[in-house]
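Just so it is clear, none of the values below were taken in a lab; they were calculated from the coordinates. It should be emphasised that the depicted structure is a prediction, and the values quoted were computed from it without experimental measurement. Positions of Cβ are backbone-derived with ideal geometry, glycine not excepted, and every protein chain shown enters the neighbour counts.
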Amino acid sequence: MTAFIESPALRHCWHPVAEAVDIGADAPLSVTLLGNDLVLWRSPSSDIVAAPDRCPHREAPLSLGWVDDGVISCPYHGWAFGDGGRCVRVPSATPGTAIPPAAHLPCVNVREQYGLVWVCLDEPRTDIPEIPQETDSRFRRINSGVQRWNASATRLTDNFMDISHFPWVHTGTFGDRQRTEVPTLELQDLGAGWYGYQFEVDARNADDDARLISGSEEEVVHRHMSTGFTLPLTVRSTIRYEDGLEHILLLCSSPIDDDHAYFTFVVWRNDDFSVDGNEVIAFDRAIGEEDRGLLERVPGSLPLGQTDLASVQADRGSVEWRRQFVEFLERSPS
Ligand code: FES
Ligand SMILES: [Fe+2]
């Protein structure tokens, strides 16, 4: 089967590959997206530039170079590149010599949103997923950092759309072995471009971390939740407690290649902002590590044929994501 990352459709989508704070003033960042090695740095205008990590002169990795005043220098012969990847200096040339057009970098699209750096390798055909709470002053945003997981982005997304693993994988956090049954999932439009299901759940609230997040001292707390996706690979999970506290999680999986992914999550929360953000997301981090521990043991990418895997009613959400994802991959980018 062809690697899913070969689908041209994915090249027209935005994928988060770093946090904006990762792109510092003096060092470039190297990332890989859909098998393409890229270099990112902040140019003189302060915009982030992303370009193939290959110097147009003799193909040295620009990410081994350095950044001065927004200009990146190649470590091999010192050619330098500024705003929009334009070559601004060829040290071996006599002053006044014209810079050849092929010396400029073929940059790719970059946007900063939700504290993340989103890259699109080709003409964008989809939008960055919408989180209305980003502009709602009752909510604060907490970023978690970007991790590299030895697991396929398809496996991550499938997992994030799945709630039946909670009692089995998340036993160290909120999972409850006594509550394994999943109610009938009704798929629906969740608004703002998200598609998935809503459900009610009683979650274990046994330790201090869980209580910090739920704002409750009870052993078990009731949550109204929704889980939904936007194509190709983003999942949003929302939690609303009975006292009105809301906790929104954006779960992003960006394919490095077929079998490896960048994972990051972002939280929006309408608490009283009194607890440090890092403490607030410690529980979500622990949940992520539980998923990672399992997913990094599952080799390869998710089989995408509708009959390749056995599924049951509880898998309805992830099966629907996979069905739409396959359709999306097959769409020809005309
Ligand atoms: S390879 Fe980059 S300047 Fe020569
Ligand atoms: Fe999980």
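Within the P(r) computed for the chain, what percentage of the Cα pairs occupies the region above 25 Å? For the chain, the fraction of Cα-Cα distances above 25 Å is 55 percent. Taking the Cα centre of region 12-120 as reference, the dipole from Cβ charges on Lys and Arg (+1) and Asp and Glu (-1) amounts to some 340 debye. So how far, in whole Å, is the C-alpha centre of region 37-60 from the one of region 301-334? Rounded to whole Å, the Cα centres lie 35 Å apart.
Simple point charges give the picture: +1 on the Cβ of Lys and Arg, -1 on the Cβ of Asp and Glu, and for the chain a dipole about the Cα centre of about 1080 debye.
Each residue in SER318, SER164, SER144 was given a count of other beta-carbon atoms within 10 angstrom of its own, and listing them fewest first yields SER164, SER144, SER318. Out of every Cα-Cα pair in region 132-330, what percent are more than 32 Å apart? The share of Cα pairs beyond 32 Å in region 132-330 comes to 11 percent. With all projection directions averaged, the alpha carbon convex hull of region 178-296 covers 8.6 nm². Summarising the amide proton neighbourhood of LEU233: residues at separation of 5 or more, or on other chains, whose placed amide H is nearer than 5 Å comprise an empty set.
For the peptides 120-130, 150-160, the ranking by mean Cβ contacts within 10 Å, running from highest to lowest, is 150-160, 120-130. Placing a pseudo-label 7 Å from each Cα along the Cα-to-Cβ vector at ALA20 and THR135 gives an inter-label distance of 1.5 nm.
Protection proxy ranking of 298-304, 113-119, by the mean of other Cβ atoms within 10 Å over each peptide's residues and highest first, is 113-119, 298-304. A DSSP coil position with no more than 16 other Cβ atoms inside 10 Å describes the following GluC sites (Glu not before Pro) in region 234-334: GLU242, GLU296. The Kirkwood hydrodynamic radius of region 12-120, based on inverse pair distances between different Cα atoms, is 13.9 Å. Look at the dipole of the chain built from charges on Cβ: of GLN133, TRP66, THR230, the Cα furthest out on the positive end belongs to TRP66.
Cβ-to-Cβ counts within 10 Å put VAL90, VAL235 in ascending order as VAL90, VAL235, the fewest first.
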